[in-house]
Amino acid sequence: MAHGHHHHSTSADGQRALGWTLLLIFSFMIVEVVGALISGSLALLADAAHTLTDSAALALAWLGFLVARRTADAARSFGYARFEVLAGAFNGLAMVAIVVFIVVEAVARLSDPQPVLPLPMIVIGCLGAAVNVLAFRLLHGSSDHINVRGAMLHVLGDLLSSLATIVAGVVILLTAWMPIDPLLSLLVAALVLRSAIGLLRQAGHILLEGTPGEIDPVRLGDALRESIPGVRDVHHVHVWSLSSGHHLATMHIRVTEGTDHGALLPAVKHLLHERFGLAHTTVQVCPEDCPDATDHSSS
């Protein structure tokens, strides 16, 4: 898999690191669920929920590598790249449901505290912290890939929720004050909710063909006008994302008379690629009076 040119091998390394991390974190989640059932700790259950959302994020990133290799066919001219976005939206919704369950349960327990065994909490919390540090180290090697960077953030968030579990366990061990467990489970639920909302917003923006945050269509038009002689104005600019980090654009360019279209297009495409990272662009070049320019001409 890793032979061939350099870029491909880094992508294969990233996929391998993600695959191992996914296995590690998913197996640990099962340990956490068992520990939560044994100790009766809601904080530990919330931590397991956080680990589950992590596994889902890692699985998505891993699938993203796999799907990127599947080629397009006639019915899906863009291949399966959007699958990652749909799965992300689904993951976000599932996380919201989990958070609702934890909050309801925590509120019930605050009014009627349940006894919790602190030792399994502390042991599994420490194990969790170790697992997350290890996962972070695994991913750090190939952190230049966008899929891997997102996964690293999840792993760090999970480290926080493991620490919350340890704190709850220590407090119960020393003071036997049971409400700390549901209180800290609420804190972890808030962490899970934050990632869920982030996922949903990102997926929703892409599914609504929103303009990627790092590209400003107006600046794009200005850059073309300033850098490329013969470009009079740029209108009908649409920029959207196929999946995270994979952007497309279409636009109309009005040129002054006598401009050589043959030389203009490669220059335009080169600028869009170099300065805005747009590898796939469709550019329509219009003469002085573009049939579509009546309402959209940007000054």
- Query: Is it the case that Val116 is in contact with a Phe, Trp or Tyr (Cβ under 7 Å, 6 or more places away or on another chain) and at pLDDT 90 or above?
  - Reply: no
Residues in the range 253-273 that are under 33 Å from the mean Cα position of the chain (by Cα) and either closer than 24 Å to Ile206 by Cβ or part of a loop (DSSP other than H, G, I, E, B) (or both) total 3
Is one or more of the residues making up the range 134-149 more than 21 Å from Gly277 (Cβ to Cβ), surrounded by fewer than 17 Cβ atoms within 10 Å (Cβ to Cβ), within 21 Å of the chain's Cα centre (by Cα) and modelled with pLDDT under 85?
-> yes
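Out of the range 161-216, which residues are touching a strand residue (DSSP E or B) at 6+ places or on another chain (Cβ under 6 Å) and surrounded by 14 or more Cβ atoms within 10 Å (Cβ to Cβ)?
Hits for the range 161-216 are Ile206, Thr211, Pro212, Ile215.
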Flagged pairs (Cβ under 7 angstrom, 6 or more apart or on separate chains; first in the range 155-167, over 15 Å from Ile180 (Cα atoms); second surrounded by fewer than 20 Cβ atoms within 10 Å (Cβ to Cβ) and among the small types (Gly, Ala, Ser)) are Leu159/Ala129
So, first residue part of a strand (DSSP E or B) and modelled with pLDDT of 85 or more in the range 274-286, second residue surrounded by 13 or more Cβ atoms within 10 Å (Cβ to Cβ) and among the polar types (S, T, N, Q), Cβ within less than 6 Å, six or more apart or across chains; the pairs are Thr282/Thr250
So, Ala68, is that one assigned to a loop (DSSP other than H, G, I, E, B), over 23 Å from Glu32 (Cβ atoms), of a type in the set (A, V, I, L, M) and modelled with pLDDT under 85 or not? no
Here the residues within the range 229-245 that are of a type outside the set (Asp, Glu) and touching a strand residue (DSSP E or B) at 6+ places or on another chain (Cβ under 9 Å) are Gly230, Val231, Arg232, Val234, His235, His236, Val237, His238, Val239, Trp240, Ser241, Leu242
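Step by step: first the residues of the range 218-244, then only those that are assigned to a helix (DSSP H, G or I) and touching a Ser or Thr at 6+ places or on another chain (Cβ under 8 Å), then the one that is surrounded by the fewest Cβ atoms within 10 Å (Cβ to Cβ). Which residue is that? Step through it out loud before you land on a result.
Initial filter on the range 218-244 (assigned to a helix (DSSP H, G or I)): 218-227.
Subset that is touching a Ser or Thr at 6+ places or on another chain (Cβ under 8 Å): 218, 221.
Numbers: Val218: 10, Gly221: 19.
So the residue we want is Val218.
The values are calculated or read from the model by the stated rules, or taken from the named source; none is laboratory data. Computed from a predicted model, the values in this text were never measured in an experiment. When we count neighbours, we look across all protein chains shown, and the Cβ atoms used for this are built from the backbone with ideal geometry, even at glycine.
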